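Following: one structure in structure tokens, then a few remarks.
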Amino acid sequence: TGSSRPQRMLKAVQKNATKGDPKSVISAIDSYCRHKEWAMNVGDDKGLILDSVLTEVNPSTALELGTYCGYSSVRIARLLSPDSKLITIEFNPAFAIIARQIIAYAGLQDKVTLVEGASGDLIPKMKEQFGIKSFDFVFLDHWKDRYVPDTKLLEDCGLLKKGTVLLADNVICPGAPEYLQYVRNNPRYESRYYPSNLEYTKVEDGLEKSVFLG
Ligand SMILES: CCc1ncnc2c1ncn2[C@@H]1O[C@H](/C=C/CNC(=O)c2cc(-c3ccc(F)cc3)cc(O)c2O)[C@@H](O)[C@H]1O
Ligand SMILES: [Mg+2]
């Protein structure tokens, strides 16, 4: 049997990136996905918006929903301050195993905790299992119909505090209409849309940034 797309992405990193150099890992993946084989990473265009929001927030604890191959885990973790941490949740073991290797290749394994499982099961365990009081930053990039239930779950578990920033990928393509409705018409959030394009294409997409007001 042949290799999978995530396995080919890992090979491209091992071939073209420099071990311990997150920037080279990011460009190796972007180049592979732009010129060889498209994959659902947040990508370089939306990645610049992710970088600027992260730099502004400078989170101590960040959460990512939907690791996939670890591209955005690397983008996020490379910008975290020394003692800051990223927890990333992924329920597909085949993707998780690739992501762990890509995160390690970038030399970011000490800043990233990849937890295998469904977000709905793991979010309620964040406080007790990982000693998390609340998250400063959440990147939503998993199944689009899970954005609303998981946001509500984060609220209910007391994992959001005044000022927590939620950043959601794909609010236009594939789209997360219920999520946009939820955060834009909710007095507890201050939302703003960042227009961009679907990774590696000219198709319109963008990120929605929502600040929890407490
Ligand atoms: C159960 C909760 C739960 N718990 C834990 N892990 C979960 C999870 N639900 C999902 N995962 C994992 O997250 C990743 C899925 C991500 C889903 N992302 C898109 O579907 C997407 C699509 C396009 C696009 C595709 C085709 C097009 F034509 C256009 C656009 C572009 C994008 O940027 C996209 O993010 C996988 O690793 C899942 O294993
Ligand atoms: Mg996405």
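Structure notes:
- Reachable lysines, given that their alpha-carbon falls under 28 Å from the alpha-carbon of Lys162 and they are not under 8 places away in the same chain: Lys46, Lys85, Lys111, Lys125, Lys127, Lys133, Lys144, Lys152, Lys209
- Prolate/oblate/rounded call for the range 26-126, Cα gyration tensor, a/c under 1.5 rounded: oblate
- Model label sites at Arg192 and Ser3, defined 7 Å from Cα along the beta-carbon direction, differ in position by 4.1 nm.
- A convex hull fitted to the Cα coordinates of the range 79-214 yields 124 cubic angstrom per residue.
- Sulfur and carbon atoms: percent of accessible area, the range 33-145 [1.4 Å]: 54
- Between Leu153 and Gln109, full extension at 0.36 nm per residue minus the direct alpha carbon distance yields a gain of 13.1 nm.
- Percentage of interatomic Cα-Cα distances in the range 87-157 larger than 18 Å: 41
- Beta bridges per DSSP with both ends in the chain, % antiparallel, nearest 5: 40
- Based on DSSP H segments of at least four residues, each scored -39500 (n - 2.57), the chain has a per-residue ellipticity at 222 nm of -12000 deg cm²/dmol.
The values are calculated or read from the model by the stated rules, or taken from the named source; none is laboratory data. Computed from a prediction, not measured in an experiment: that's the story for all the values here. Positions of Cβ are generated from backbone atoms using ideal geometry, with glycine treated the same way; all protein chains shown enter the neighbour counts. The area values use the complete protein model at the heavy-atom level, side chains included, leaving out ligands, DNA and RNA. Shrake-Rupley method; radii C 1.70, N 1.55, O 1.52, S 1.80 Å.
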